[in-house]
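The values are calculated or read from the model by the stated rules, or taken from the named source; none is laboratory data. What you see is a predicted model; the values in this text were computed from it and never measured. Cβ sites come from the backbone with ideal geometry, for glycine too, and all protein chains shown count toward neighbours. To get the accessible areas, we keep the full protein, side chains included, count just its heavy atoms, and leave off ligands, DNA and RNA. Shrake-Rupley method; radii C 1.70, N 1.55, O 1.52, S 1.80 Å.
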Amino acid sequence: MTADVVATEKLRCDALLRPGNTNCAGCGMSIGLQWMDHALEGEKPYMVIPACCGIVTAGAFPTSGYGVPIAASTFASAPAVATGVANINELNGDTSPVICWTGDGGTYDIGMATLSAAAERNEDLIYICYDNEIYGNTGGQRSSATPEGVVTSTTKQGKGEGKKDMMAIMAGHRIPYAATLSVAHREDFLRKVRTARQTSGFRFLLMLSPCPTGWKSEPDESVELIRSAVCSGLFPLYEVFDGVRYRINEQPDDTPVSEYISHQRRYTKVSAEATSLEAFIKQQWHYLNGMATAFPADKAT
Amino acid sequence: MARALVTGNHAAGHTLAACGEANREARGCCCGAYPITPQSEIIEFLRDYEFTKGRTIPVESEHSAMGVCIGASVAGARSFTASSSNGLAYMTENIFAAGFYRLPIVLIAVNRTLGPPWNIWVDQGDSLALRDAAWLQFYAESHQELVDTILLAFRISEDERILLPTIVAQDGFVTSHTQMVVDLPEQELVDRYLPHCHIPHRLSLEHPTTIGGLTWPRETEHHRREIQTAMEQVPAVLGEAIDEFEKVFGRRPHGMLSAEHTEDAETVLIACNTMARTLRNVVAERRERGERVGMVKPKMFRPFPRAELAAALSGAKRVGVLDRNHSPGSGGIFWQEIAASLQGRSDVLVQDYLVGLGGGDVTPQVIHEIIDDLNTRKEAVEPIWKEVAA
């Protein structure tokens with residue numbers, strides 16, 4: 001082999017997310033994992049991934065789609081397993097980040113108690129939820145992250161209940177840092193991962209993760225979908241420090257939320273006007289703007 | 001050796017702490033801790049202990065307690081915890097995970113009845129329900145045996161030929177909350193006895209791997225067969241661990257089982273944990289009367305010492321199994337294993353007695369009645385419910 005080929009192979013091998021992984025086309029994880037790798041600037045993390053698409057990403061033994069050490073935990077256990085890893089690493093002087101990479105099922109539902117407890121203990125972990133608002137790995141069932149009205153394989157007439165406000169729940173734990181991530185806003189994404197890396201204690205990052213299979217959307221529209229979710233105000237980009245200080249990163253523009261929902265067949269039972277979607281966005285921003293005004297992360301100059 | 005009058009739970013806590021501390025020059029130690037009656041004093045003891053390089057982490061559930069142990073273990077630490085009853089049931093998913101990950105975690109099971117209905121007293125059904133989880137299982141009849149078996153457990157579990165976790169069980173309250181004089185191991189001796197914990201497949205930045213990812217049927221079958229192969233090596237590794245134990249501590253613990261007066265016995269009773277202690281006295285009394293009665297105490301339940309048990313029972317005509325557990329739709333769990341060990345023997349009667357369930361007091365009188373019943377039997381019947389006094 002030529003030196004060039006060897007160097008290229010090494011790059012492919014050393015990447016956090018290697019070529020040949022099993023992610024679907026248009027999956028938000030593919031962008032999220034690569035940007036996270038980039039944000040860490042060559043520093044390699046230990047990762048704990050529970051049962052979710054993120055562990056299928058690795059592919060079958062003995063190969064792995066990940067270029068970093070991974071512990072594949074049971075569904076509800078990622079923060080508990082990561083607690084063990086982080087404590088022992090610290091006792092041994094290893095300061096590399098320990099990252100939980102989990103889906104919404106493992107975060108909003110089955111892993112909620114474990115996550116809450118690790119946050120309460122303020123374990124030195126970065127917890128990233130790639131939220132595709134569905135049990136994607138099992139064929140697209142509802143989770144408590146599924147928005148109201150969305151069709152899933154267990155809500156064929158549209159989900160009757162709304163989505164949990166996970167950021168508020170984590171802010172309620174008074175953790176040092178919580179932020180939302182968009183795969184359409186690269187600089188914002190990288191900065192937040194770096195902020196998380198430079199902060200110690202429990203850090204929570206919530207990424208809205210497009211899932212063409214579950215969302216019934218086109219893979220090549222994934223990034224634009226997330227952009228319209230952010231710009232319409234449906235998925236706000238913001239940060240919460242110590243659970244009490246807020247910073248909004250992007251104000252919505254005049255992008256209608258229909259841009260977002262009309263490109264996903266999971267939203268066929270929902271229309272922007274006929275439902276409470278616009279009212280929900282309005283209420284969400286009323287709350288967020290109120291918090292950011294009353295409890296700003298940045299003091300006015 | 002420091003002789004002390006302590007409870008079973010104190011003895012377990014002290015020994016776990018000493019074993020954890022013994023790994024201070026390697027990757028340290030960790031305990032994921034969550035309380036449940038009757039084991040809570042163990043995790044309280046560990047929480048108070050000041051490790052040179054180790055932590056006891058209080059979590060929100062047994063499931064996470066084992067999760068923390070798994071994480072610490074994949075990071076290379078010596079890891080341990082304790083639980084009981086419904087706590088073990090709640091922990092079960094991660095108990096299986098620890099076994100299948102091949103992590104040498106040690107778990108003290110303080111046996112307690114599974115609920116509902118709620119009952120805090122002893123019954124071995126909680127840990128026996130974990131028999132298929134790829135863990136070694138030992139049952140300790142006394143405080144001293146508990147201490148010694150914990151020391152053996154780390155040594156065997158962490159042996160590179162084994163790399164499987166171990167449950168060491170003791171009776172709730174009867175052992176856990178009563179006091180006996182025990183030789184508690186001094187740190188210096190534990191340091192000598194236990195090599196540093198080395199987990200060859202621990203997470204590494206230099207050689208990144210995915211531990212516990214996906215496998216196809218063929219690899220899964222290999223994985224299970226490797227576990228079986230490791231289990232088959234336990235008797236030899238246990239033998240070495242006992243020899244070394246004797247050199248360091250000057251005492252020789254029981255092995256897989258102890259067969260007592262079985263050489264000439266026509267009637268043999270089988271029991272574990274504190275029932276075995278009561279049985280020993282009854283057997284002694286019967287032998288004074290000239291009766292050919294013996295006993296076997298299976299200390300090791302996984303791997304099950306089939307060949308050794310069959311050898312111990314080679315001359316027996318009647319075998320009575322005392323099962324303080326119940327597998328609904330079948331019977332006693334020890335009985336199932338013992339009957340399987342004696343397959344092909346038409347000259348022996350194996351009778352199961354379900355006795356002392358839910359913590360019923362198995363007195364010498366109860367055991368005398370069982371022996372009398374067994375001696376009159378011409379053939380075995382379905383497991384017999386032997387009620388004890390209220």
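So here's what we get for this one:
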{"item": "Matching residues, region A:29-51, being within 12 Å of chain B (Cβ to nearest Cβ) and surrounded by 24 or more Cβ atoms within 10 Å (Cβ to Cβ)", "result": "A:TYR46, A:MET47, A:VAL48, A:ILE49, A:PRO50"}
{"item": "Residue within region B:89-111 that is within 15 Å of B:GLY28 (Cβ to Cβ), surrounded by fewer than 21 Cβ atoms within 10 Å (Cβ to Cβ) and of a type in the set (Ser, Thr, Tyr) present", "result": "no"}
{"item": "Selected residue (criterion: farthest from the chain's Cα centre (by Cα)) from residues of region A:90-102 that are touching a residue at least 60 places away in the same chain (Cβ under 8 Å) and either at the interface with chain B (Cβ under 7 Å from one of its Cβ atoms) or within 25 Å of B:ARG78 (Cβ to Cβ) (or both)", "result": "A:PRO97"}
{"item": "Entirely in region B:201-314, the strands (runs of 3 or more DSSP E) that have 3 or more residues that are farther than 27 Å from B:PHE154 by Cα and away from every other protein chain (no Cβ under 14 Å)", "result": "B:267-270, B:293-298"}
{"item": "Strands (runs of 3 or more DSSP E) enclosed by region B:1-82 - at least 1 residues per element that are within 14 Å of chain A (Cβ to nearest Cβ), open to solvent by less than 20 Å² (accessible area, probe 1.4 Å) and on the phi < 0 side of the Ramachandran plot", "result": "B:29-33, B:54-58"}
{"item": "Hits in region A:158-188 - residues which are touching a residue at least 24 places away in the same chain (Cβ under 8 Å), more than 17 Å from A:GLY26 (Cβ to Cβ), open to solvent by less than 10 Å² (accessible area, probe 1.4 Å) and outside any strand (DSSP E or B)", "result": "A:MET166, A:MET167, A:MET170, A:ALA171, A:ILE175"}
{"item": "Candidates B:ARG318, B:ARG306, B:ARG345, B:ARG289, filtered to the one that is in contact with a Ser or Thr (Cβ under 7 Å, 6 or more places away or on another chain) and surrounded by fewer than 17 Cβ atoms within 10 Å (Cβ to Cβ)", "result": "B:ARG306"}
{"item": "Near pairs, Cβ below 8 angstrom, 6+ apart or cross-chain, from region B:379-390 (within 16 Å of B:VAL366 (Cα to Cα) and among the acidic types (Asp, Glu)) to any residue that is part of a strand (DSSP E or B) and open to solvent by less than 50 Å² (accessible area, probe 1.4 Å)", "result": "none"}
{"item": "Within region B:348-379, tally of residues that are more than 18 Å from B:LEU313 (Cα to Cα), open to solvent by less than 20 Å² (accessible area, probe 1.4 Å) and outside any helix (DSSP H, G or I)", "result": "5"}
{"item": "Candidate set: region B:83-126, residues that are more than 14 Å from chain A (Cβ to nearest Cβ) and β-branched (Val, Ile, Thr); chosen: the one farthest from B:MET275 (Cα to Cα)", "result": "B:VAL106"}
{"item": "Residue list for region B:198-236, restricted to those being surrounded by 13 or more Cβ atoms within 10 Å (Cβ to Cβ) and under 23 Å from B:GLY255 (Cα atoms)", "result": "B:ILE227, B:ALA230, B:MET231, B:GLN233, B:VAL234, B:PRO235"}
{"item": "Strands (runs of 3 or more DSSP E) contained entirely in region B:89-173, each with at least 1 residues that are farther than 24 Å from B:ILE227 by Cβ", "result": "B:106-111, B:166-171"}
{"item": "Residue within region A:146-156 that is of a type in the set (Lys, Arg) and closer than 23 Å to A:TYR260 by Cβ present", "result": "yes"}
{"item": "Enumeration of residues in region B:255-272 that are buried (at least 24 other Cβ atoms within 10 Å of the Cβ) and within 14 Å of the chain's Cα centre (by Cα)", "result": "B:ALA271, B:CYS272"}
{"item": "Selection status of B:ALA316, touching a helix residue (DSSP H, G or I) at 6+ places or on another chain (Cβ under 9 Å) and at pLDDT 95 or above", "result": "no"}
{"item": "Top-ranked residue of region B:174-191 - restricted to ones that are assigned to a helix (DSSP H, G or I) and exposed (fewer than 15 other Cβ atoms within 10 Å of the Cβ), ranked as nearest to the other protein chains (Cβ to nearest Cβ)", "result": "B:GLN187"}
{"item": "Unique residue being at pLDDT below 95 and among the small types (Gly, Ala, Ser) when the list is A:ALA71, A:ALA78, A:ALA60", "result": "A:ALA60"}
{"item": "Top-ranked residue in region B:324-341 [being touching a residue at least 40 places away in the same chain (Cβ under 8 Å) and closer than 13 Å to B:PHE301 by Cα; ranked as surrounded by the most Cβ atoms within 10 Å (Cβ to Cβ)]", "result": "B:TRP335"}
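Residues are listed down the side, and each one gets a yes or a no for (1) closer than 19 Å to A:MET29 by Cα; (2) in contact (Cβ under 8 Å) with a residue 40 or more places away in the chain:
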| position | (1), (2) |
| --- | --- |
| A:PRO69 | yes, no |
| A:ALA76 | no, no |
| A:ILE88 | no, no |
| A:THR107 | yes, yes |
